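Before any comments, here is the structure.
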Amino acid sequence: MKNYICYSINNTLNQFNMADTEKLVEQLVTQHGKTRNSLLPVLQGVVREEHFLSDTAMIAIAKALNLSSADVYGTASFYTFLETEPRGENIIRVCKTITCKMKGKQQVIEAIENHLKIKEGETTRNKKFTLLAANCLGWCHKGPVMLVNDDVYPHVAPDQIVDILDKYC
Ligand code: FES
């Protein structure tokens, strides 16, 4: 069994400065258009690049789309996949809903926790992974189900965890 994984010493994740964030928002607004309909794709674009929506990003988006900050924050906090807290480069979500619960999601979560040395809700020190529990992911017939970013792992077993996560190092 492999030991702890993929430490990157010079990790700069989640250390975006205000100018970079504002520039990113500007690019996304140019790409998607300066209308309210662009709000969701712009929010998603920021999360894709910066892994979460900082206050700086939400204020910049509000300004650029001529919306109130409350409107932007309200939308951001409504969607589970729009992170408003700093997260790791890779987000692991394990379904916690009833079918996956019955099919062994707890053993999967424990295997991840043991491998990454974090608890559910936490991020590894090198900011490589965040582990979250999620509501039903729509793959109930193939539980337990785990997502790593957009990749789906149906019928995932605890003994597969090390090999799966190594792919993201
Ligand atoms: S209950 Fe787990 S994917 Fe639906």
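Rule-based calculations on the coordinates, nothing more; no lab input. Keep in mind that this is a model prediction, so the values were computed, not measured. Counting neighbours? That spans all protein chains shown, and the Cβs are built from the backbone with ideal geometry, glycine included.
Worth a mention:
- Extension gain for Y79-V152 works out to 24.4 nm (0.36 nm per residue, less the C-alpha to C-alpha distance).
- Residues V42, V152 arranged by fewest to most Cβ contacts within 10 Å: V152, V42
- Residue-averaged 222 nm ellipticity for the chain, from DSSP H runs of 4+ at -39500 (n - 2.57), nearest 500: -12500 deg cm²/dmol
- DSSP bridge pairs, the chain: antiparallel proportion in percent, nearest 5: 55 percent
- At the listed q of 0.23 Å⁻¹, the Debye profile of region 18-78, built from one uniform point per Cα, gives log10 I(q)/I(0) equal to -0.83.
- Rounded FRET efficiency, nearest 0.05, which uses the C-beta distance separating C136 from L40 and R0 of 22 Å: 0.55
- Over the chain - Rg/Rh using Cα atoms and the Kirkwood inverse-distance radius: 1.02
- Within the chain, the longest run free of exposed loop sites, counting chymotrypsin sites (Phe, Trp or Tyr not before Pro) that sit outside DSSP helix and strand states (H, G, I, E, B) and have at most 14 other Cβ atoms within 10 Å, spans 82-169.
- Pair-distance distribution P(r) for region 90-166, from all Cα-Cα distances in 5 Å bins starting at 0: 3, 18, 33, 27, 14, 4, 1 percent.
- Among the listed pairs K63/K167; K23/K127; K105/K167; K34/K105, those with a Cα-Cα distance over 32 Å are K63/K167; K34/K105.
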